[in-house]
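Please read the structure below before turning to the comments.
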Amino acid sequence: MWWVTNKEGGAFMARGVHGQRIYVDPKAEMVIVRYASHPVASNSANDPVTLPAFDALAQHLSRLP
């Protein structure tokens, strides 16, 4: 399923039920693909770690010349 974030760069992502991610930030010209196969179908354990990491990478890349 695709999700739109509230981020300034217009980021959006696809999320799989077992931790898979496709994260796109057009402003940062960044795409992150994360393959995962967690045994429990839940995103709650990963979101507090992965989403801030994706945002931090996008912010860093947006500042580069």
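Restricting attention to segment 29-41, does a residue exist that is surrounded by 10 or more Cβ atoms within 10 Å (Cβ to Cβ), aliphatic (A, V, I, L, M), touching a residue at least 40 places away in the same chain (Cβ under 8 Å) and not in a loop (DSSP other than H, G, I, E, B)? Checked against the condition, which is being surrounded by 10 or more Cβ atoms within 10 Å (Cβ to Cβ), aliphatic (A, V, I, L, M), touching a residue at least 40 places away in the same chain (Cβ under 8 Å) and not in a loop (DSSP other than H, G, I, E, B), segment 29-41 yields no hits at all. If you go through segment 1-28 and keep only what is among the acidic types (Asp, Glu) and either in contact with a helix residue (DSSP H, G or I) (Cβ under 6 Å, 6 or more places away or on another chain) or surrounded by 15 or more Cβ atoms within 10 Å (Cβ to Cβ) (or both), you end up with just Asp25.
Counting only residues that are over 10 Å from the mean Cα position of the chain (by Cα) and in contact (Cβ under 8 Å) with a residue 24 or more places away in the chain, segment 11-28 holds 4 of them. Selection of segment 1-10 for residues being closer than 19 Å to Leu61 by Cβ and in contact (Cβ under 8 Å) with a residue 12 or more places away in the chain yields Lys7, Glu8, Gly9, Gly10.
Evaluation of Pro52 against the conditions (1) surrounded by 13 or more Cβ atoms within 10 Å (Cβ to Cβ); (2) assigned to a helix (DSSP H, G or I); (3) within 12 Å of the chain's Cα centre (by Cα); (4) not aliphatic (A, V, I, L, M) shows that the sole unmet condition is (1).
Any read-out appearing in this document is the output of simple, stated calculations on the displayed coordinates, not a laboratory observation. None of these values were measured; they are calculated from a predicted model. Every residue, glycine among them, receives a Cβ derived from its backbone with ideal geometry; neighbour counts consider all protein chains shown.
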